[in-house]
Amino acid sequence: MSTQTRRFGYFGFLAAAALALAACGGGSSGSNPSAQMKLAVGDAPVDGATAVVVKFTGVELTPGSGNPVDIIFSSPKTIDLLNQSGTASALLFDQPIPSGSYGQIRLMVVADGNPGNSYIILSDGTTHGLKVPSGSETGLKLVSGFTVPSSGVVDYTIDFDLRKAVICPPGQAPACTLKPVERLVDNTTVGNIQGAVSATLVPSGCTPGVYLYSGTVIAPEDADSTAAASDTSQPLASKAPVATSAAPYYYQFTFLPPGSYTLAFTCQAALDDPDQADSAVTFNPVKSGIVVTASQTTAVNIP
């Protein structure tokens, strides 16, 4: 482990991949328990780590008034937030809850620095326990208001930003810290793009990257922190495609507003320096006209 504080990911925004899991357990009842809620968690591949595994024991929902709704799992759910199974997230629970307004979600986790509970596997193969500050008392809190109607189903994902959430300060070695850096996403209003990158595009010495752009972009550019916000040739996000034990390589962009997008592939992602205006990154192939629809996943293979 380096003596420097480690943060994860030079690649952009988030996506999520994980296996589907069902939740068990009860909660406090309300005046109208007929409402249904689905809650999932996830993130996407980040540079510097091959697995980020968190053990969840339950969820607490705090309403605007009344007692919290506790959903305790019959057995802990151990979820790898970087799992490459091709789905957008890992389901924590799908069950009736009282309707009404809620202001906070608390994820109950076992993250005490013991790698036998929650842990991270770095790209160099080393395993480090994950520790949540005051995790045994408070868990991971997300203060984000949402409303559960008296009928129908609400469908949310807690999107972890692992580039900001995981740090490995030297004073806590060998454990790393998992901070509460996440957002609540309404899955019914967003879509996803995912696909495979052909192994022929990733020869030896290639540092692959898939870049995402809004609309149709003919001449895509790499990230430039000095570029104007109106510069449509700048990427919205970028991902390092990740292979399993063998090719092909997979990528995924999630929680995207409906619309048209462009994807561009490069083998020179290591040259992308946002603080350098021209890092000479070239892209090939470039795919435009990719349509994202709410609640749907658009499959785009490269090439």
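Apply 1/(1 + (r/R0)^6) to the Cβ-Cβ distance of residue 298 and residue 112, taking R0 = 51 Å, and write down the FRET efficiency to the nearest 0.05.
Step by step, r from the Cβ atoms, then E = 0.80.
Taking the Cβ of residue 38 as the centre, find all other residues whose Cβ is under 13 Å away and add up their charges (Lys, Arg: +1; Asp, Glu: -1).
-3
Expected output is a single nm value to one decimal: the length gained when fully extending between residue 173 and residue 291, i.e. 0.36 nm times separation in residues minus the C-alpha distance. What is it?
38.0 nm
At what distance in nm do the modelled label points of residue 94 and residue 229 sit from each other, each positioned 7 Å from its Cα along Cα→Cβ?
3.9
Can you give me the Rg/Rh ratio for region 47-195, using Cα atoms for both radii and the Kirkwood formula for Rh?
Rounded to two decimals, Rg over Rh is 0.98.
Please find the FRET efficiency linking residue 271 to residue 183, where r is the Cβ-Cβ separation and R0 is fixed at 41 Å, and quote it to the nearest 0.05.
0.85
Return the distance in nm (one decimal) between the two label points of a simple spin-label model at residue 214 and residue 150, each offset 7 Å from Cα along Cα→Cβ.
3.9
So which lysines pass the test for residue 239, namely a Cα distance under 19 Å, with those fewer than 8 places away in the same chain ruled out?
Residue 239 reaches 164, 287.
Could the peptides 185-193, 289-297 be put in order, highest first, of the mean number of other beta-carbon atoms found within 10 Å of their residues?
185-193, 289-297
Gain in length, residue 75 to residue 247, computed as 0.36 nm per residue apart minus the alpha-carbon separation, to one decimal in nm?
Working it through step by step, the gained length comes to 58.5 nm.
Measure out, as a whole number of angstrom, how far apart the alpha-carbon centroids of region 146-195 and region 206-242 sit.
Value for the Cα centre distance between the two parts: 23 Å.
Tally up the carbon and sulfur contribution to the accessible surface of region 159-210 as a whole percent, 1.4 Å probe, everything protein left in place.
55
Taking R0 as 45 Å, what FRET efficiency do you get between residue 67 and residue 164 from their Cβ-Cβ distance, rounded to the nearest 0.05?
The formula returns an efficiency of 0.90 here.
Can you list residues whose amide H is under 5 Å from residue 82's amide H, if they're 5+ apart or on another chain and H is modeled 1.01 Å from N?
When sequence neighbours closer than 5 places are left aside, the close amide H contacts are 52.
Using only Cα atoms, what Kirkwood radius does region 153-277 have, in angstroms?
Working: mean 1/r = 0.0593 Å⁻¹.
Evaluated over region 153-277, this radius sits at 16.9 Å.
So between residue 204 and residue 143, what do we pick up on full extension, going 0.36 nm a residue minus the alpha carbon distance?
17.5 nm
Quick one: which residues, 5 or more positions from residue 178 or on another chain, have an amide H under 5 Å from its amide H? H modelled 1.01 Å from N in the peptide plane, none for Pro or chain starts.
131, 132
Summing +1 for each Lys or Arg and -1 for each Asp or Glu, what net charge is found among the other residues whose Cβ lies under 13 Å from the Cβ of residue 155? Each step should come with its number before you reach the end.
Working: positive: 38; negative: 94, 186.
Cβ neighbours under 13 Å give a net charge of -1.
What nm value, rounded to one decimal, do you get for the distance between residue 123 and residue 57 when each label is placed 7 Å out toward the C-beta?
Going by the 7 Å Cα→Cβ label model, 3.5 nm.
Rounded, prolate or oblate for region 102-174? Axes are the square roots of the Cα gyration tensor eigenvalues, ordered a ≥ b ≥ c, and the cut-off for rounded is a/c under 1.5.
Note, shape of region 102-174 comes out prolate.
The values are calculated or read from the model by the stated rules, or taken from the named source; none is laboratory data. This is a predicted model, so every value here is computed, not measured. Virtual Cβ from ideal backbone geometry, glycine too; neighbours counted across all protein chains shown. Ligands, DNA and RNA are excluded from the accessible area calculation, which covers all protein heavy atoms including side chains. Shrake-Rupley method; radii C 1.70, N 1.55, O 1.52, S 1.80 Å.
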